[in-house]
Amino acid sequence: MNWFDEGIVLSVRPHGETAAVVELLTRAHGRYLGLVHGGQGRRLRPVLQIGNHVEATWKGRLSEQLGFFTIELRKGYAAEALERPLALTGLTSLCALARLLPERDPHPDLFEISLFVLSYLDDDSIWPALYVRWELNLLAEMGFGLDLSSCAATGTTENLVWVSPKSGRAVSATAGEPYRDRLLPLPQFLIKSGGVPATRRDVLNGLALTGAFISKRILIPQNLDMPEARQRLVAALSRSADDNVLQFPKS
C-alpha cells in the first residue's frame, strides 16, 4: 500500500550507515514515521531538517509496518530560521510538542495552523503570539481544550482575566479576586477577536497557561518532561529587556 501527502519534518534519526528514520506531521495521515534511504546523504540532509515543509510518498507492504518515505522539499523553514535564534527555538519547540500527538491519527486543522505559524517565523513581532494559540489548539486536538468562553463561577462573558488550573475554564475578575493567587492569568489576545495586540508579557503569560495544562494533562501522565526546546523558548522570551507590542497578521 502507499499514499502521497504533504508534511512537516518533526524528527530525524540515523539508521544504519546511510538511511534515516524520519517522523512527519502530515496533513491527512497524522504523525507518521518512515525509513528514508540515503537520508544521511548530502542531497537529502538539507531536506530532512526539522520544521521543513515537504511532500512525501509512503510505501509499505502492510499498513502496520514502518514503511519507506520518498521525500521532496516544498519549503525550507529550517534554513530560513537558522540565522534567527528566537525563531529557530520556536520552530524546534513546535516540532517537539507535535510529537506528542498520537501516531497515525489525522489532525488536518492543526497541520494548517502549524504551517501558518511557520510562515511568520521571519517576523518576531508576530509569530510568538501565534505560537501560543498553536499550543491551545494542540491541547484541543488531544482532547484537553480549555473553555475560555465564559466565567466558570458566574457564566458571564465579560472581564475574563483568569483561568482555573483545575477545570481549565475562564474566571472573571470579580469572581476570581479572592483566589487570584491560585489562578492563571488569561491574556486578552487569546479570547478577543479583531487582531488584539499582545505584549511580550502577554505571550509569556500565555505560555505559562498552555504549559501548565500541557504538563498536567499530557506530559505528567506519560512520565515525560517538558521538551527542552520549549523551555528554551520561554527562557529566551523572558530575557527580553523590553515589553514591545506584538502584532497579528492582517486577515
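The values are calculated or read from the model by the stated rules, or taken from the named source; none is laboratory data. Because the structure is a prediction, the values reported are computed rather than measured. Using ideal geometry, Cβ is built from the backbone for each residue, glycine included, and neighbour counts are taken over all protein chains shown. With ligands, DNA and RNA removed, areas are computed over all heavy atoms of the protein, side chains included. Shrake-Rupley method; radii C 1.70, N 1.55, O 1.52, S 1.80 Å.
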Select, from G51, G39, G30, the only residue that is crowded, with 20+ Cβ neighbours inside 10 Å, closer than 25 Å to E80 by Cβ and in contact (Cβ under 8 Å) with a residue 40 or more places away in the chain.
G51
For segment 6-27: of the residues being of a type in the set (D, E, K, R) and open to solvent by less than 30 Å² (accessible area, probe 1.4 Å), which is nearest to Y77 (Cα to Cα)?
E6
Just checking, how many residues over segment 63-110 are touching a strand residue (DSSP E or B) at 6+ places or on another chain (Cβ under 7 Å), of a type outside the set (K, R) and closer than 21 Å to D122 by Cα?
4
Scanning segment 134-154 residue by residue, those in a helix (DSSP H, G or I) and either at positive phi or open to solvent by less than 20 Å² (accessible area, probe 1.4 Å) (or both) turn out to be W134, E135, L138, L139
In segment 49-62, is there at least one residue being out of contact with any strand residue (DSSP E or B) (no Cβ under 9 Å at 6 or more places or on another chain) and over 30 Å from R200 (Cβ atoms)?
yes
Given (1) open to solvent by less than 70 Å² (accessible area, probe 1.4 Å); (2) without any contact (Cβ under 8 Å) to a residue 40 or more places away in the chain; (3) within 30 Å of E80 (Cα to Cα), A170 misses just (3)
